[in-house]
Amino acid sequence: MPTVDSPATEQDVRTYQERGFIRYQNFFSKAEIERLRSAIDEAIGANRDRILGAEGGGRHGEEYEQVFNQMVNLWTDSPAAKEFAFSERLAETARRLSRARHVRIYHDHAMVKPSGQQSRQTNWHQDAPYWPMDPVGSFSAWIAVDDVTVDNGCLHFVPGSHKFGRLDSISLTDENDSIVAKMRERGYEVAEAEAMEMEAGGVTFHHGCNFHYAGANQTDQPRRAFAIIYIPDGVTFTGGSEAGGAGDEMEAGDPWDHPLHPILAGN
């Protein structure tokens, strides 16, 4: 039996399964979050590539950076970030919520939404269409590194929207693109969204098919967050060159098994 402490109750599991997301306020302490905040700031100060080893550092241009400055697999070169990406308590909570036998890491990503006039919204989208996985079921833990509010671009989730399954990919730079708008145009009833305001140290978990959005950061300070994507057992690799940095070393149709994607909770 797992011995790692986790706040996830059976009611939490039912809530996550029904709504496609759940929020935990104060999951990490202020001292813990200060260590993570420093790790992200150090990576920014070093002008760390978005994706290590990728052409052009894996960056997609100025418009994309206005949505957020993202750094992937920070755990591989930042011991302080690895403390959070490999957190046993976080991973065990993820495993319980997903009712998985085990969960492994796909990748982490630090996300810094710039402030002021240069900041742009993150359009309504699902994560699953961008992930080379089948079946759907992978999901994210999203850590608030700063206090997050509607004003500085907190996440918004649509309850139950993960039940639509994997849909269209959405442009994150075309502000007119939206999975919510597309579904309503097709005649589907889409529930009203809920804003996930949290103090630094709060965590949300959301299913890869949940509709989510973050507004522009309208404050004068950047908004920092750190997310970890988890792959539950039973999910196979569907091919592609990225796969969190290991696509060239795995075969399409095979289960995930690579040093860049170790099991973090369960067996």
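The values are calculated or read from the model by the stated rules, or taken from the named source; none is laboratory data. Since the structure is predicted, the reported quantities are computational estimates derived from the model, not experimental observations. For neighbour counting, all protein chains shown are included, and Cβ atoms are generated from backbone atoms with ideal geometry for every residue, glycine included. The protein model used for the area step is the full one, side chains on, heavy atoms only, and it has no ligands, DNA or RNA in it. Shrake-Rupley method; radii C 1.70, N 1.55, O 1.52, S 1.80 Å.
Total residues in the range 116-136 satisfying the condition of being open to solvent by less than 20 Å² (accessible area, probe 1.4 Å), under 20 Å from Val158 (Cα atoms) and not β-branched (Val, Ile, Thr): the figure is 4. Restricting attention to the range 175-204 and to residues that are open to solvent by less than 70 Å² (accessible area, probe 1.4 Å) and acidic (Asp, Glu), the residue that is modelled with the highest pLDDT turns out to be Glu194.
Residue-level check: of (1) open to solvent by 30 Å² or more (accessible area, probe 1.4 Å); (2) touching a Gly at 6+ places or on another chain (Cβ under 8 Å); (3) part of a helix (DSSP H, G or I), His162 misses just (1).
Residue-level check: of (1) part of a strand (DSSP E or B); (2) at pLDDT below 90, Ala265 misses just (2). Of the candidates Ile51, Ile44, the single residue that is over 24 Å from Leu90 (Cα atoms), modelled with pLDDT under 95 and not charged (D, E, K, R) is Ile44.
Any residue that is free of Cβ contacts under 8 Å to residues at least 60 places away in the same chain and outside any loop (DSSP other than H, G, I, E, B) - is there at least one of those in the range 110-117?
First, pick out the residues of the range 110-117 that are free of Cβ contacts under 8 Å to residues at least 60 places away in the same chain: 117.
Adding the requirement that they be outside any loop (DSSP other than H, G, I, E, B) leaves 117.
Checked the range 110-117: at least one residue is free of Cβ contacts under 8 Å to residues at least 60 places away in the same chain and outside any loop (DSSP other than H, G, I, E, B).
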